[in-house]
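Data first, discussion second: the structure below is written as structure tokens.
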Amino acid sequence: MKKILSVFLVSLLISTNIFALEVDKTELQSTKSTTIEFISYTGPHKIIDSVEAIKGIGNSLGKEIAPNRDTSKTANLGNKYTVIHAIDENETGKFDADIIFINKDANVDHITNLRRIISAYLVSAYDYSEADADTLAVFITVYNAVYRGDLDSFKNKYKDVVVKNLSSNNCGLSVNYKDWPGASEIVIPLYDVKNGGLSTIETSVISDKKVVESMKEDDDKNIESRKEMVDIKEREAEESQEKANAAQKKAVEEQKKLKEEKQKTEEAKAEAKEAEKKSEQAKAEAEEAKKEAEANPEDEELQKVAEEKQEEAEAAEQEAEEKQEALEEQQEAEAAQEEKTEEAKEEAKTEQERADKKQTEAQTERKDIAKDQQIVQNNEIKEASTPSSYGIVLTDEANILSKLVKFNSETGEVIKSSPVTVIRNRTIYKTPDAYIAIAGENEGNGTIKLVLIDIETMEIFAESEETVSDTSVLVNDGNEYYCIINYDDDWVVGKYDETLALKLKSKVNVKQSTPITVTESGIVVTDKNGNLKLLSKETLE
């Protein structure tokens, strides 16, 4: 209680713009959860790609797959991304799949951008609407995170052509962006790949119970994404019902044709039987005539009759053979028609079962969503009346990185965490409208800058144009802030206002990890040669 009270009292100093406090993790008992919480890089970037450029990655990959959807193919985008379109029509009972590989040279470091890539891929490869593709991308990433490393689960659902491209360590998707390059095998189950459109992806797989339960653990319970998935399933149900109705109608027509073919077969059988009977009779008469002719070789009339009877027998035999061939052909036609009829019936049954399944899933999920909406509303009411404060907790002790959290000041329970997990040197200050801090990492496309973090969303909404030293301190003096920034490939002191506008930079080059001490006489720093320098507050000279 003493620790919590201490945190609470210090947090009250926020109003005086002093916020260099780090709250001990043991004091903030966050709720236990099995939710899939993606860890994305949320700091400044050296290069900020446009949304269009990010989607362009998925579009390029999808365009390579679209022309031959029913054929296995591999698509590559440089050394950054690969898609294996794994299709095998000879194996049944399991799913084909697309496998998206994030290769070692890829720079994607935020789940939102990864989902944009997947969404754009679905649009260009399978003609999904952008809205539906966005929803599917959310479920695909959560599904792959839930089953990360569970190769047996993938083996149970997918064809050999898919499984042979998966590994036990990398199948699925890590929740940590640092693990994505070179170690991601994102599996997308395919249902109706040939026709594309709404039923291309098997939505029942990517929204199974484990996936939905994971999504429900988020504070907002992913209500909107789940609603959108329900909408997709309802449209899938309608589409399958239409197909089932059409297939049933076709099955009736094929059954009628089969009845006609069966009648033709019975007629052919009767004709073949009659022809065979005539042939046997003709043979018998020919044999009798032959005997009489042989017994009376001088009787020309009997010889002539024997020849005629032989010709009649041969003709009858020929007709019997033809009728038998016609019967066999008709039996083959009947068998073919019976196969068509069974196929139509099976298609009607399959589509009806699919329609019923999708509709049942949609109805069940709608009920769950309604319950969860009420829970979310109750939680929001409860949160609004909960005494709360803000603090920062360590996210990476080795590199001294932290994040901002909102917590219950009575219990220490974390209410909300900022996605910005790269606040540096355990220092953050409150301005009238935001929190100001140094944030970022010098890895990949990341960089380090002075940032403003929104109080409500806890996300970065502004950053300095200048890069900041990774060992810089952040010092506050009234409405002004000092840190060490890069200028002309050297380090200088930068002076900022509360909007991150650079007001001054020192002409003196300093050590990038120099202390910054604000005194009545001026700003005390260590120059690049290790000497103490006193800089004027007004000019930084």
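The values are calculated or read from the model by the stated rules, or taken from the named source; none is laboratory data. Small disclaimer: the values here were computed from a predicted structure and weren't measured. Because the Cβ atoms are built from the backbone with ideal geometry, glycine has one as well, and the counts that use them run over all protein chains shown. Protein only, heavy atoms only, side chains kept; ligands, DNA and RNA dropped before computing areas. Shrake-Rupley method; radii C 1.70, N 1.55, O 1.52, S 1.80 Å.
Descriptive notes on the structure:
- The residues in the stretch 203-215 that are crowded, with 19+ Cβ neighbours inside 10 Å and not aliphatic (A, V, I, L, M) can be counted, and the count is 3.
- The one condition from (1) over 26 Å from Lys221 (Cβ atoms); (2) buried (at least 24 other Cβ atoms within 10 Å of the Cβ); (3) modelled with pLDDT of 95 or more that Ala133 does not meet is (1).
- Unmet criterion (only one of (1) assigned to a helix (DSSP H, G or I); (2) basic (Lys, Arg); (3) buried (at least 16 other Cβ atoms within 10 Å of the Cβ)) for Lys221: (1)
- Residue match in the stretch 337-357 (condition: more than 30 Å from Glu202 (Cα to Cα), touching a residue at least 40 places away in the same chain (Cβ under 8 Å), out of contact with any Pro (no Cβ under 8 Å at 6 or more places or on another chain) and in a helix (DSSP H, G or I)): yes
- Residues of the stretch 451-472 include none that is over 25 Å from Ser418 (Cα atoms) and either part of a loop (DSSP other than H, G, I, E, B) or open to solvent by less than 60 Å² (accessible area, probe 1.4 Å) (or both).
- Selection of the stretch 85-105 for residues being over 25 Å from Tyr191 (Cα atoms) and modelled with pLDDT of 95 or more yields only Asn103.
- Considering only residues in the stretch 82-126 that are open to solvent by less than 10 Å² (accessible area, probe 1.4 Å) and among the β-branched types (Val, Ile, Thr), the one that is nearest to Asn165 (Cα to Cα) turns out to be Ile99.
- Taking first residues from the stretch 94-108 that are within 10 Å of Trp180 (Cβ to Cβ) and partners that are outside any strand (DSSP E or B) and among the aromatic types (Phe, Trp, Tyr), the Cβ contacts under 6 Å between residues at least 6 apart in sequence or on separate chains come to Ile102/Trp180.
- Out of Glu520, Glu466, Glu541, one residue alone is under 50 Å from the mean Cα position of the chain (by Cα) and charged (D, E, K, R). It is Glu466.
- Counting only helices (runs of 4 or more DSSP H) wholly contained in the stretch 68-177, the ones carrying 2 or more residues that are of a type in the set (A, V, I, L, M) and out of contact with any strand residue (DSSP E or B) (no Cβ under 8 Å at 6 or more places or on another chain) occupy 111-126, 130-146.
- Count of the stretch 183-192 residues, restricted to those that are in a loop (DSSP other than H, G, I, E, B) and open to solvent by less than 40 Å² (accessible area, probe 1.4 Å), is 3.
- Qualifying residue in the stretch 153-162 (condition: open to solvent by less than 40 Å² (accessible area, probe 1.4 Å), under 19 Å from Ala133 (Cβ atoms) and not acidic (Asp, Glu)): no
- Where Gly78 falls short, out of the listed (1) among the small types (Gly, Ala, Ser); (2) open to solvent by 10 Å² or more (accessible area, probe 1.4 Å); (3) modelled with pLDDT of 95 or more: (3)
- When Glu224, Glu266, Glu260, Glu242 are checked against the criterion of being free of Cβ contacts under 8 Å to residues at least 60 places away in the same chain, under 28 Å from Ala131 (Cα atoms) and more than 21 Å from the chain's Cα centre (by Cα), Glu242 stands alone in meeting it.
- Residue in the stretch 419-439 that is surrounded by fewer than 17 Cβ atoms within 10 Å (Cβ to Cβ) and in contact with a helix residue (DSSP H, G or I) (Cβ under 8 Å, 6 or more places away or on another chain) present: no
- Here Ile375 meets each of (1) under 32 Å from the mean Cα position of the chain (by Cα); (2) open to solvent by less than 80 Å² (accessible area, probe 1.4 Å); (3) of a type outside the set (Asp, Glu); (4) at pLDDT 90 or above with one exception, condition (4).
- Of the residues screened, Ser168 is not one that is crowded, with 22+ Cβ neighbours inside 10 Å and among the small types (Gly, Ala, Ser).
- Candidates Ile36, Ile14, Ile4 - the one that is modelled with pLDDT under 90 and part of a loop (DSSP other than H, G, I, E, B): Ile36
- Flag for Ala348 being out of contact with any strand residue (DSSP E or B) (no Cβ under 9 Å at 6 or more places or on another chain), at pLDDT 90 or above and within 30 Å of Glu242 (Cβ to Cβ): no
- Listed by position, the strands (runs of 3 or more DSSP E) contained in the stretch 473-541 that have at least 3 residues being out of contact with any helix residue (DSSP H, G or I) (no Cβ under 6 Å at 6 or more places or on another chain) and among the aromatic types (Phe, Trp, Tyr) are 480-487.
- Exclusive hit being at pLDDT below 90, in a helix (DSSP H, G or I) and surrounded by 20 or more Cβ atoms within 10 Å (Cβ to Cβ), set Ala237, Ala282, Ala268: Ala282
- Taking the criterion of being over 30 Å from Gly182 (Cβ atoms) and outside any strand (DSSP E or B), the residues of the stretch 411-450 that qualify are Thr411, Gly412, Glu413, Thr431, Pro432, Asp433.
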